[in-house]
Amino acid sequence: MATVDRNLSEYNKDLIPDGSQFKIGIVISEWNSQITENLAKGAIDTLITNQVKSDNINVRYVPGTFELPLGAQYLCEYLDLDGVIAIGTVIQGETKHFDYVCEGATKGLTDVNLKYNIPVSFCVLTDNNIQQSIERSGGKHGNKGVECAVACLKMIALKNQYWRFHLVWMMAQCADTLHVFTLRNLPNKYPNLR
């Protein structure tokens, strides 16, 4: 597994953007709550450590991991948010149900990311047994909630960089258009200015 040689809770705080102006939604699966609540605690603590105001963290619950995409979509659609963290865990059982839930949640959350152009961080553990989930929700491998909160903050900052660049570009385009329009419409008595 990818986390065997790495701690999910370790990150370089110098590389994390200031989250003081960010508004984050968190949607949490109630299923396997002993795991998802630990993941949520890791995510919320990390957001607050990185200056996100507790009043700017909006938490909602859904019944299970399969419902995370719709819960995330509701957050994106009805709240003014910069990013969302979707928290769940699916533990392998004896049937194919695990595969369907994992596939549905993954595809659904990807679709929400792209439909709303809002970062949706995938904090869903897909483990073979409960012990692996415990180890990744605050146990010996750290907390996936921390890693996903960091990813969400970084993606919001990346989007904001592009937004600022796009805004400056649009302003420059408008200024050029206004400049050309003004020069074309100068009175004939100022031919040297055209």
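Bear in mind these aren't lab numbers, they're just calculated from the coordinates by the rules spelled out. Given the structure is predicted, the values throughout are model-derived calculations rather than measurements. Note that each Cβ is placed from the backbone with ideal geometry, even for glycine, and that neighbours are counted across all protein chains shown.
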- Note on the structure: Cα convex hull volume per residue for the range 16-137, in Å³, equals 94 Å³
- Around Leu125, which amide H atoms from residues at least 5 apart in sequence, or from another chain, sit under 5 Å from its own amide H, with H modelled in the peptide plane? Gly88, Thr89, Val90
- Query: How far is it, in nm, from the label point at Ile48 to the one at Tyr74 when both lie 7 Å from their Cα along the line to the Cβ?
  - Reply: 2.5 nm
- Give the cross-link partners of Lys115 among the lysines, using a straight C-alpha distance below 24 Å as the criterion and excluding same-chain residues fewer than 8 apart. Lys23, Lys107, Lys154, Lys159
- Query: Rule-of-thumb check for the range 91-155: C-alpha Rg over 2.2 N^0.38 Å?
  - Reply: 1.25
- Query: Taking the mean number of other Cβ atoms within 10 Å as a proxy for protection, how do you rank 152-162, 26-36 from highest to lowest?
  - Reply: 26-36, 152-162
- Query: Given H placed on each backbone N at 1.01 Å, which residues far from Val59 in sequence or on other chains put an amide H within less than 5 Å of it?
  - Reply: Ile26
- Item | At 1.002 mPa s and 20 °C, Stokes D of the range 1-75 from Kirkwood alpha-carbon radius, µm² per second | 156 µm²/s
